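Structure first, then comments.
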Amino acid sequence: MTRSTPYQPLLLRLLHGVSGILVIAAIISGFLVYNTFDKRFGKIPIPKIDPIQDIHGTVGLFFLILLPAFALYSFHAGQKRLIQPDSIQKLTQVGKPIWWVSLQRIVNTLMLIASVLAVTSGRMMKEEWLPIGELDHIWYSFHLIAWVIMVCCLAIHILMSTKVGGAPLLLSMMSWKFRPEESPKNWYSRFRIWLGNFPNNFHVENNLSLRIIEAIVLIGIIAAFVSPLFFSGGES
């Protein structure tokens, strides 16, 4: 890689890339589900895809499976890309580089929260609600809200990444080159080391707000996994 191109950890690139593809697929398929069954806020005249609800649910399930790894990486190895103790304060410095960086960190954090709201509300829904016109369920409303937030956050995330890092940052996220110590063959041993130091990975004195958000996100992910055991529904 050239000196002008920043280096991104291999695991970040993989998790970010796959989750990004799944998020975009979920956003598109989610809109098609709305466009097929809801249409209260407008619609686009496109052909109906009969299994679109199943497609959206499958994409959402794959995203849920990946989400724990992506969330843990984001809150620890990638925590500098999330909200910092002074991020809100830095938003007063409009137009300065730190303003763009702070906004990007806040948006990244909000997108993680919205992702949890999306998967949790989706798991709490029943497949038959939308086909029979039951659109007033609270979980469906939460699902719609999460969809809107994720669309907005994704757009801002792309714009901020372009503004902050430009083409070099975008190219660094698509590069397949990696350092020897980041080889996949070392992942298991590094994971064991991280797991052995697990209690030490949750220091709260430097960024208490981020640790609280992390707890909320992880609890939400757990709830999304176990909710079908207590609620007879399906993904939407």
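Please tell me if Asp54 is closer than 30 Å to Pro228 by Cα and modelled with pLDDT under 90. No: the conditions fail for Asp54.
In the set (1) more than 20 Å from Arg211 (Cβ to Cβ); (2) without any contact (Cβ under 8 Å) to a residue 24 or more places away in the chain, Asp86 fails one condition alone, (1). Counting the residues of the stretch 13-52 that are surrounded by fewer than 16 Cβ atoms within 10 Å (Cβ to Cβ) and small (Gly, Ala, Ser) gives 3.
Restricting attention to the stretch 134-171, which residues are at pLDDT below 75 and open to solvent by less than 40 Å² (accessible area, probe 1.4 Å)?
Step one: filter the stretch 134-171 for residues at pLDDT below 75, giving 164-171.
Passing the criteria: Gly165, Gly166, Leu169.
When you look at Val107, is it touching a Cys at 6+ places or on another chain (Cβ under 7 Å) and open to solvent by less than 60 Å² (accessible area, probe 1.4 Å), yes or no? Steps first, please.
Details: touching a Cys at 6+ places or on another chain (Cβ under 7 Å): yes; open to solvent by less than 60 Å² (accessible area, probe 1.4 Å): yes.
Judged against the criteria, Val107 is a match.
Among the numbered criteria (1) open to solvent by less than 80 Å² (accessible area, probe 1.4 Å); (2) free of Cβ contacts under 8 Å to residues at least 60 places away in the same chain, which one does Val94 miss? Status for Val94: all satisfied but (1). Scanning the stretch 98-126 for residues being without any contact (Cβ under 8 Å) to a residue 12 or more places away in the chain and outside any helix (DSSP H, G or I) gives a total of 0.
The values are calculated or read from the model by the stated rules, or taken from the named source; none is laboratory data. The structure displayed is predicted, hence computed values, not measured ones. Note that each Cβ is placed from the backbone with ideal geometry, even for glycine, and that neighbours are counted across all protein chains shown. Side chains are part of the model used for accessible areas, which takes the heavy atoms of the whole protein and leaves out ligands, DNA and RNA. Shrake-Rupley method; radii C 1.70, N 1.55, O 1.52, S 1.80 Å.
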